[in-house]
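Rule-based calculations on the coordinates, nothing more; no lab input. What you see is a predicted model, and the numbers here were worked out from it, not measured in a lab. FYI the Cβ positions are ideal-geometry reconstructions off the backbone, even for glycines, and counts take in every protein chain you see.
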Amino acid sequence: MVDKSTLRRVYLEKRLTLSQDELFRRNDQLVATLLSHIDFTAFKYIHLFVPILKKKEVNTWKVMEAVRNTNQSAKFVTSRMLKDGELEHFEIDVTTRFEENKWGVPQPVGACRADIGKIDLVLIPLIVYDKQGHRIGYGKGYYDRFLKKIAQAYKLGVSLGPPLDVISDNNAYDVRMDACVSPFMFYKFQMS
């Protein structure tokens with residue numbers, strides 16, 4: 001059994017080896033796959049993460065642009081990390097200004113607080129995931145704590161790579177995704 005910290009390190013290193021051309025190609029394919037599987041007109045309040053470009057995360061700006069083209073009334077929300085391990089949430093649009101925190105995470109500045117009870121779709125960052133809907137993030141638990149507070153939201157992971165067969169060292173704090181989209185495929189998970 002390979003532990004989460006080893007999987008996190010190995011798959012982050014793999015993602016960082018993607019060339020810029022391959023990164024752009026995978027992001028474009030991911031958006032196309034996403035648009036062919038999700039009806040964004042059904043969602044009104046969408047939470048997304050702002051990508052850490054130096055970590056070659058999914059370019060959620062492209063996702064936001066694509067969603068705006070299909071649902072101009074959608075509102076977007078992103079998070080700001082707090083010192084206590086929690087996230088606070090803000091409405092964003094194309095005019096929102098961002099500043100990087102000490103980990104290089106872009107965070108909104110001067111934006112209006114969001115009501116997380118309205119969130120009906122959340123795009124979840126991850127490093128690697130499995131075919132059962134488990135994910136490995138950066139290991140601090142921010143998103144797992146947040147996802148427990150928004151049980152009403154559709155939980156959609158976004159990944160530039162394919163899934164593992166299984167991540168075996170999950171625990172009671174881990175929140176499973178409803179689905180995950182990659183450049184290669186859309187995975188919908190069975191909840192038990």
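What's the local net charge at residue 69, with K and R +1, D and E -1, over the other residues with C-beta under 15 Å away?
-2
Restricting attention to the stretch 49-126, which GluC sites (Glu not before Pro) occupy a DSSP loop and are surrounded by at most 16 other Cβ atoms within 10 Å?
86
Compare the peptides 174-185, 159-170, 110-121 by average per-residue count of other Cβ atoms within 10 angstrom and give them in order, highest first.
Result, highest mean first: 174-185, 159-170, 110-121.
Among the listed pairs 14/149; 83/188; 56/131, which have their C-alpha atoms separated by more than 29 angstrom in this model?
With Cα atoms farther than 29 Å apart: 14/149; 83/188.
Relative contact order, percent, of the chain when contacts are C-alpha pairs under 8 Å separated by at least 6 residues?
24
Quick check: convex hull over the Cα atoms of the stretch 85-192, volume per residue in Å³, rounded to an integer?
Spread over its residues, the Cα hull of the stretch 85-192 gives 125 Å³ apiece.
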